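Rule-based calculations on the coordinates, nothing more; no lab input. None of these values were measured; they are calculated from a predicted model. Every residue, glycine among them, receives a Cβ derived from its backbone with ideal geometry; neighbour counts consider all protein chains shown.
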């Protein structure tokens, strides 16, 4: 399955009034600030510079909308849990994301990036519960899996699958080696296909 050759950045939103028109279908992409979210987006879309990556966690401070194909979008949400930012900014992110999830009729599901070396945290589980309460499916990418041994990766996958039972499907993923990219792209497509 090829990448998204038409993928491109559309706009950023710092407040709900700046959201794109609520038409077509879109998938939200969330995760902790240091989970490798931007790298995962670039790997899945097959566009190396689509989402900006940084060595400093917390660079995604706006909601970024990306065009994938006609009527289909990927929406990169602000990272959470690690960024060294003032409480006022963090509260603003929280309100922005709450409004996004509550108001977007075009939202079909969630891709959640979780650093495989850290495992699912309270905020990750809260994000899954939030998505589930809206009746939207979720899929977890256990990122940076290339940093684990084979046995560690298998153990992390088992633990995450058990923790996500009834909340989300789970897979190992490495933007560095490409492991899991095809499977993640298939999951994205399946979420986009939801009526």
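For the chain, what is the calculated [θ] at 222 nm in deg cm²/dmol (nearest 500), taking -39500 (n - 2.57) for each run of four or more DSSP H residues and dividing by its residue count? Write out the running numbers ahead of the final one.
Values: 5 runs with 65 residues, N = 195.
About -10500 deg cm²/dmol.
Once the Cβ-Cβ distance of residue 176 and residue 134 is raised to the sixth power relative to R0 = 22 Å, the FRET efficiency obtained is 0.10. With a Förster radius of 35 Å applied to the beta-carbon distance between residue 15 and residue 155, the computed FRET efficiency rounds to 0.25. Given the options 12, 149, 116, which has the most mean-square fluctuation in a GNM of the chain, springs set between C-alpha atoms less than 10 angstrom apart? The residue with the greatest mean-square fluctuation here is 149. Considering only beta bridges that DSSP places wholly inside the chain, some 30 percent are antiparallel.
Starting from the Cα gyration tensor of the chain, take the square roots of the eigenvalues, sort them a ≥ b ≥ c, and report rounded, prolate or oblate (rounded when a/c is under 1.5, otherwise prolate if a/b is larger than b/c, else oblate). Intermediate results must be reported in sequence, preceding the final value.
Numbers: a/c = 1.37, a/b = 1.21, b/c = 1.13.
The shape class here is rounded.
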